[in-house]
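The values are calculated or read from the model by the stated rules, or taken from the named source; none is laboratory data. All values derive from a computational prediction rather than experimental measurement. Cβ coordinates were reconstructed from backbone atoms using ideal geometry, including for glycine residues, and neighbour counts include every protein chain displayed. Keep in mind that these areas ignore ligands, DNA and RNA; they rest on the heavy atoms of the full protein, side chains included. Shrake-Rupley method; radii C 1.70, N 1.55, O 1.52, S 1.80 Å.
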Amino acid sequence: QVQLVESGGGLVQAGGSLTLSCAASGIIFSINVMGWYRQAPGKQRELVATITSGGSTNYADSVKGRFTISRDNAKNTVYLQMNSLKPEDTAVYYCNANVAARYGQRYLEVWGQGTLVTVSS
């Protein structure tokens, strides 16, 4: 079974920076897309950024130019560097990955438990 463990959340002032990390562990043959999503209080979960195993990235318009997603394939880890944080970035951030446990098996979606990011004004 694959687990995703996030770290790096916390409290930061507006304009500050945080880096989130998410490490996948367990039986892993391949991970194609990894990404970050967030859910603010009273709102639906939304995409923040994704990255393929080849390094292609996709960002929500609201974070373009401020957030950078990256990954270390050897460590099965994805990062989210968040700069120029705004109060509206406050949310629980969830890591997501599409993982194949063994060769020939289909990719399954896995979620982390979430890490809280709070941006004070």
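Data for the structure
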quantity: Subset of the stretch 28-45 (residues that are open to solvent by 80 Å² or more (accessible area, probe 1.4 Å) and on the phi < 0 side of the Ramachandran plot); calculated: Phe29, Pro41, Lys43, Gln44, Arg45
quantity: Condition check for Leu80: out of contact with any Cys (no Cβ under 6 Å at 6 or more places or on another chain) and farther than 18 Å from Asn58 by Cα; calculated: no
quantity: Verdict on Tyr103 being out of contact with any Asp or Glu (no Cβ under 7 Å at 6 or more places or on another chain), loosely packed, with under 14 Cβ neighbours inside 10 Å and of a type in the set (Phe, Trp, Tyr); calculated: yes
quantity: Residue count for the stretch 65-83, restricted to those that are in a loop (DSSP other than H, G, I, E, B) and surrounded by 14 or more Cβ atoms within 10 Å (Cβ to Cβ); calculated: 3
quantity: Selected residue (only one of Tyr103, Tyr94, Tyr79 is closer than 21 Å to Ile28 by Cα, over 15 Å from the mean Cα position of the chain (by Cα) and touching a residue at least 12 places away in the same chain (Cβ under 8 Å)); calculated: Tyr103
quantity: Selection within the stretch 6-27 - open to solvent by less than 60 Å² (accessible area, probe 1.4 Å), part of a loop (DSSP other than H, G, I, E, B) and over 26 Å from Ser84 (Cα atoms); calculated: Gly26
quantity: Yes/no for Gln3 being over 15 Å from the mean Cα position of the chain (by Cα), touching a residue at least 12 places away in the same chain (Cβ under 8 Å) and open to solvent by 60 Å² or more (accessible area, probe 1.4 Å); calculated: no
